Amino acid sequence: MGVKVAIYEDNPKFLEALSILISGIPEFELTGAWLNTRDMIFQLNDNTPDVVLMDIGISPLDGIEATKSILNNFPQVKILIQTIFDDDDKVFAAICAGASGYLLKSNLPLTLPASINELMSGGSPMSPTIARKILGLFKNHFHKTDLVENYNLSKREKEVLKCLVEGASYKIIADKCGIAFETVKTHIKNIYEKLHVASMSGAVAKAIHENLI
(Lines give C-alpha, C1' and ligand atoms only; values in the text may rest on other atoms or scores of the structure.)
Protein backbone atom coordinates (compact mmCIF):
# COMPACT_ATOMS: atom_id res chain seq x y z
CA MET A 1 0.00 0.00 0.00
CA GLY A 2 1.28 3.46 -0.87
CA VAL A 3 1.96 6.43 1.35
CA LYS A 4 -1.34 8.17 2.14
CA VAL A 5 -1.17 11.93 1.58
CA ALA A 6 -3.74 14.63 2.40
CA ILE A 7 -3.42 18.24 1.21
CA TYR A 8 -4.62 21.51 2.75
CA GLU A 9 -4.04 24.50 0.44
CA ASP A 10 -6.14 27.67 0.06
CA ASN A 11 -5.11 28.40 -3.54
CA PRO A 12 -7.47 26.38 -5.80
CA LYS A 13 -5.07 26.18 -8.76
CA PHE A 14 -2.12 25.17 -6.61
CA LEU A 15 -4.28 22.63 -4.76
CA GLU A 16 -5.30 21.11 -8.09
CA ALA A 17 -1.67 21.00 -9.27
CA LEU A 18 -0.51 19.29 -6.08
CA SER A 19 -3.41 16.83 -6.26
CA ILE A 20 -2.51 15.87 -9.83
CA LEU A 21 1.15 15.51 -8.84
CA ILE A 22 0.42 13.21 -5.88
CA SER A 23 -2.21 11.19 -7.77
CA GLY A 24 0.22 10.60 -10.62
CA ILE A 25 2.84 8.88 -8.47
CA PRO A 26 2.14 5.12 -8.01
CA GLU A 27 3.65 4.88 -4.52
CA PHE A 28 1.42 7.69 -3.19
CA GLU A 29 -2.32 7.65 -2.45
CA LEU A 30 -4.20 10.95 -2.26
CA THR A 31 -6.74 10.65 0.57
CA GLY A 32 -8.17 14.16 0.25
CA ALA A 33 -7.50 17.75 -0.83
CA TRP A 34 -9.19 20.72 0.82
CA LEU A 35 -9.19 24.51 0.55
CA ASN A 36 -9.72 25.17 4.28
CA THR A 37 -9.31 23.55 7.70
CA ARG A 38 -12.91 24.02 8.86
CA ASP A 39 -13.76 20.28 9.07
CA MET A 40 -10.17 19.07 9.21
CA ILE A 41 -10.35 16.60 12.11
CA PHE A 42 -13.52 15.00 10.76
CA GLN A 43 -11.94 14.71 7.31
CA LEU A 44 -8.73 13.16 8.59
CA ASN A 45 -10.55 10.79 10.91
CA ASP A 46 -12.53 9.44 7.95
CA ASN A 47 -9.35 8.34 6.16
CA THR A 48 -6.26 9.10 8.23
CA PRO A 49 -3.19 9.84 6.07
CA ASP A 50 0.47 9.17 6.75
CA VAL A 51 1.45 12.67 5.65
CA VAL A 52 -0.41 15.98 5.63
CA LEU A 53 0.87 18.66 3.26
CA MET A 54 -0.19 21.84 5.07
CA ASP A 55 -0.31 25.40 3.76
CA ILE A 56 0.84 27.72 6.54
CA GLY A 57 -1.52 30.53 5.47
CA ILE A 58 -4.73 28.48 5.31
CA SER A 59 -7.83 29.28 7.41
CA PRO A 60 -9.78 29.23 9.68
CA LEU A 61 -6.98 27.41 11.51
CA ASP A 62 -3.66 28.48 10.06
CA GLY A 63 -0.99 25.91 9.32
CA ILE A 64 0.65 26.23 12.73
CA GLU A 65 -2.57 25.82 14.75
CA ALA A 66 -3.75 23.10 12.37
CA THR A 67 -0.49 21.21 12.94
CA LYS A 68 -1.01 21.30 16.69
CA SER A 69 -4.61 20.11 16.32
CA ILE A 70 -3.70 17.26 13.97
CA LEU A 71 -0.92 15.98 16.21
CA ASN A 72 -3.15 16.17 19.28
CA ASN A 73 -5.67 13.92 17.52
CA PHE A 74 -3.38 11.86 15.27
CA PRO A 75 0.13 11.83 16.81
CA GLN A 76 1.40 9.35 14.22
CA VAL A 77 0.71 11.69 11.28
CA LYS A 78 3.66 13.59 9.80
CA ILE A 79 3.10 17.25 8.87
CA LEU A 80 4.93 18.82 5.96
CA ILE A 81 4.49 22.61 5.99
CA GLN A 82 4.52 24.35 2.60
CA THR A 83 4.62 28.11 2.27
CA ILE A 84 5.73 31.09 0.21
CA PHE A 85 7.21 32.60 3.38
CA ASP A 86 10.57 31.97 5.02
CA ASP A 87 9.70 34.31 7.88
CA ASP A 88 11.71 33.49 11.03
CA ASP A 89 8.77 33.54 13.44
CA LYS A 90 6.67 31.30 11.22
CA VAL A 91 9.51 28.84 10.72
CA PHE A 92 10.22 28.61 14.44
CA ALA A 93 6.52 28.37 15.36
CA ALA A 94 5.94 25.58 12.81
CA ILE A 95 8.86 23.53 14.11
CA CYS A 96 7.77 24.06 17.73
CA ALA A 97 4.23 22.99 16.78
CA GLY A 98 5.64 19.64 15.70
CA ALA A 99 5.97 19.96 11.92
CA SER A 100 8.31 17.34 10.48
CA GLY A 101 9.40 19.39 7.47
CA TYR A 102 9.15 22.86 5.97
CA LEU A 103 9.26 23.51 2.22
CA LEU A 104 8.99 26.65 0.11
CA LYS A 105 6.31 26.56 -2.59
CA SER A 106 8.68 27.99 -5.18
CA ASN A 107 10.34 24.61 -5.77
CA LEU A 108 7.69 22.31 -4.31
CA PRO A 109 6.65 20.48 -7.53
CA LEU A 110 10.25 19.36 -8.03
CA THR A 111 11.05 18.47 -4.43
CA LEU A 112 7.76 17.15 -3.02
CA PRO A 113 8.00 13.44 -4.00
CA ALA A 114 11.54 13.10 -2.64
CA SER A 115 10.59 15.10 0.47
CA ILE A 116 7.68 12.79 1.27
CA ASN A 117 9.91 9.74 0.83
CA GLU A 118 12.55 11.31 3.09
CA LEU A 119 9.86 12.08 5.66
CA MET A 120 8.67 8.46 5.67
CA SER A 121 12.30 7.32 6.09
CA GLY A 122 12.61 9.30 9.30
CA GLY A 123 14.03 12.50 7.86
CA SER A 124 12.95 16.10 8.23
CA PRO A 125 12.99 17.59 4.73
CA MET A 126 13.55 21.33 4.48
CA SER A 127 14.31 23.73 1.67
CA PRO A 128 17.98 24.82 1.92
CA THR A 129 17.09 28.41 2.85
CA ILE A 130 14.80 27.10 5.60
CA ALA A 131 17.50 24.77 6.95
CA ARG A 132 19.91 27.70 7.24
CA LYS A 133 17.26 29.72 9.07
CA ILE A 134 16.61 26.86 11.49
CA LEU A 135 20.31 26.71 12.33
CA GLY A 136 20.37 30.46 12.93
CA LEU A 137 17.19 30.35 15.01
CA PHE A 138 18.50 27.65 17.30
CA LYS A 139 21.75 29.54 17.77
CA ASN A 140 19.78 32.64 18.78
CA HIS A 141 17.24 30.90 21.00
CA PHE A 142 19.50 28.49 22.84
CA HIS A 143 22.70 29.39 24.66
CA LYS A 144 25.49 26.89 24.97
CA THR A 145 25.91 25.40 28.43
CA ASP A 146 29.06 24.48 30.29
CA LEU A 147 27.36 21.43 31.81
CA VAL A 148 27.51 18.81 29.08
CA GLU A 149 26.22 15.30 29.65
CA ASN A 150 28.29 12.46 28.26
CA TYR A 151 26.00 10.91 25.64
CA ASN A 152 28.68 8.47 24.43
CA LEU A 153 28.29 9.49 20.80
CA SER A 154 30.74 7.74 18.50
CA LYS A 155 33.00 9.70 16.16
CA ARG A 156 30.76 8.80 13.22
CA GLU A 157 27.59 9.75 15.14
CA LYS A 158 29.09 13.15 15.92
CA GLU A 159 29.94 13.56 12.24
CA VAL A 160 26.35 12.72 11.25
CA LEU A 161 24.97 15.02 13.97
CA LYS A 162 27.12 17.88 12.66
CA CYS A 163 25.63 17.33 9.20
CA LEU A 164 22.11 17.47 10.69
CA VAL A 165 22.92 20.76 12.38
CA GLU A 166 24.09 22.09 9.02
CA GLY A 167 20.72 21.15 7.51
CA ALA A 168 21.97 18.30 5.30
CA SER A 169 19.53 15.70 3.94
CA TYR A 170 20.03 11.98 4.51
CA LYS A 171 21.35 11.60 0.95
CA ILE A 172 23.84 14.44 1.37
CA ILE A 173 25.01 12.97 4.69
CA ALA A 174 25.51 9.59 3.03
CA ASP A 175 27.57 11.15 0.23
CA LYS A 176 29.57 13.39 2.56
CA CYS A 177 30.39 10.61 5.03
CA GLY A 178 30.89 7.93 2.38
CA ILE A 179 28.29 5.60 3.89
CA ALA A 180 25.05 3.97 2.71
CA PHE A 181 21.67 5.70 3.02
CA GLU A 182 20.41 2.94 5.35
CA THR A 183 23.53 3.37 7.51
CA VAL A 184 22.71 7.06 7.89
CA LYS A 185 19.22 6.14 9.11
CA THR A 186 20.75 3.73 11.65
CA HIS A 187 23.19 6.35 12.95
CA ILE A 188 20.41 8.94 13.28
CA LYS A 189 18.19 6.46 15.14
CA ASN A 190 21.08 5.81 17.56
CA ILE A 191 21.69 9.55 17.95
CA TYR A 192 18.03 10.13 18.86
CA GLU A 193 18.18 7.34 21.45
CA LYS A 194 21.42 8.57 23.02
CA LEU A 195 20.29 12.22 23.14
CA HIS A 196 16.81 11.24 24.40
CA VAL A 197 15.05 13.12 21.59
CA ALA A 198 12.44 12.08 19.04
CA SER A 199 13.08 14.40 16.10
CA MET A 200 15.74 16.13 14.04
CA SER A 201 14.83 19.52 15.49
CA GLY A 202 15.25 18.11 19.01
CA ALA A 203 18.65 16.65 18.15
CA VAL A 204 19.80 19.90 16.51
CA ALA A 205 18.60 21.99 19.46
CA LYS A 206 20.42 19.77 21.98
CA ALA A 207 23.58 19.66 19.85
CA ILE A 208 23.75 23.46 19.74
CA HIS A 209 22.55 24.04 23.30
CA GLU A 210 25.08 21.64 24.79
CA ASN A 211 27.90 22.23 22.30
CA LEU A 212 28.07 18.57 21.30
CA ILE A 213 29.82 19.07 17.96
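The values are calculated or read from the model by the stated rules, or taken from the named source; none is laboratory data. Worth saying up front: this structure is predicted, and the values here are computed from it rather than measured. Positions of Cβ are generated from backbone atoms using ideal geometry, with glycine treated the same way; all protein chains shown enter the neighbour counts. For accessibility, only protein heavy atoms count, side chains too; no ligands or nucleic acids. Shrake-Rupley method; radii C 1.70, N 1.55, O 1.52, S 1.80 Å.
Brief remarks on what is shown
- If you take all other residues with their beta carbon under 13 Å from the beta carbon of Asn11, and give Lys and Arg +1 and Asp and Glu -1, the sum is -2.
- A straight Cα-to-Cα reach below 25 Å connects Lys176 with the lysines Lys133, Lys139, Lys155, Lys158, Lys162, Lys185, Lys189, Lys194, Lys206, residues fewer than 8 places away in its own chain not being considered.
- Angle in degrees between helix 128-141 and the longest Cα principal axis of the chain, rounded to the nearest 10: 60
- Farthest towards the positive end of the charge dipole of the chain, among the residues Ile191, Leu30, Ser106, is the Cα of Ile191, using unit charges on the Cβ of Lys, Arg, Asp and Glu.
- Distance from the alpha carbon centroid of region 98-119 to that of region 22-58 works out to 14 angstrom.
- Here the contact order of the chain, divided by its residue count and restricted to Cα pairs under 8 Å and six or more residues apart, works out to 15 percent.
- Measuring nothing but protein heavy atoms, the accessible surface of the chain at 1.4 Å probe radius is 53 percent carbon and sulfur.
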